[in-house]
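Worksheet for the structure shown next.
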Amino acid sequence: MIANVIRPLDEILEKRAYFIAEKQQFHKEGSPIDGAYLIYDNQTKTQYYSSSFDDYNAGRERIAMGCVVLRQLRARYDEKLMQSIQKHRAFVERELFDTQTAMVYNKEGKNNGWRRIYNDPWFALYFLEWYLLTNEKQNLDYAGKIMLNYYKDDVNYQDSQLIHIPKLCKYLEKENFLDIKEKLIECFMNYINNQIHNDGKIYSEEVCILSHEPYN
């Protein structure tokens with residue numbers, strides 16, 4: 001008999017959050033990526049970053065590391081983690097996010113040479129986690145407006161993951177952001193209707209590449 005035993009989820013979360021803060025945060029004053037969370041190679045024990053290959057840049061799914069740190073801070077506050085995520089937030093707003101338009105950028109330098117809308121749900125979750133930690137309404141406003149940009153720019157209704165619309169709308173209603181909430185519900189229902197009636201076709205070029213499906 002073989003048993004697969006893993007640590008409790010709260011322990012995994014805690015270890016992962018501290019690993020991110022201690023090993024994966026880049027520190028170099030004056031650098032565009034100062035404060036970013038980067039890929040880390042356990043074999044060489046070094047961070048890895050590429051400005052030319054977007055999958056290795058300082059944005060995209062790397063934002064999820066910020067979500068992990070924020071979630072751990074909600075479980076147990078720690079000043080070291082708080083300093084780390086505040087520095088990361090400064091990097092995000094400086095390089096990857098426009099606070100006026102709620103536009104998410106694909107790479108540092110607010111570069112959207114490729115408008116990769118897959119990034120938006122990650123950023124919406126990032127700011128939702130900030131709201132849940134701090135109760136600051138501005139973070140919730142950012143999250144809602146990011147998702148409105150996502151649906152506005154997603155002309156093909158791509159098969160993006162990590163859509164937290166019900167949870168987001170719950171807090172938008174609580175904080176009286178009713179206009180954003182109603183617009184999001186309308187967008188989300190249009191998205192669902194499209195998914196139901198797309199005859200199994202995949203509209204996302206990126207998903208097609210990964211799944212070897214033909215691009216329509």
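The values are calculated or read from the model by the stated rules, or taken from the named source; none is laboratory data. Worth saying up front: this structure is predicted, and the values here are computed from it rather than measured. Cβ placement follows ideal geometry from the backbone for every residue including glycine, while neighbour counts extend to all protein chains displayed. For the accessible areas, the whole protein counts, side chains as well, though only heavy atoms, and no ligand, DNA or RNA atoms are used. Shrake-Rupley method; radii C 1.70, N 1.55, O 1.52, S 1.80 Å.
Within segment 59-86, no residue satisfies the criterion of being surrounded by 23 or more Cβ atoms within 10 Å (Cβ to Cβ), outside any helix (DSSP H, G or I) and at pLDDT 95 or above.
Within segment 1-26, count every residue that is surrounded by 12 or more Cβ atoms within 10 Å (Cβ to Cβ) and in contact (Cβ under 8 Å) with a residue 24 or more places away in the chain. Here the count works out to 11.
So which residues in segment 93-124 are out of contact with any helix residue (DSSP H, G or I) (no Cβ under 7 Å at 6 or more places or on another chain) and open to solvent by less than 10 Å² (accessible area, probe 1.4 Å), if there are any at all? Passing the criteria: only Leu96.
A single member of Tyr150, Tyr126 is within 15 Å of the chain's Cα centre (by Cα), within 29 Å of Arg71 (Cα to Cα) and at pLDDT below 95, and it is Tyr150.
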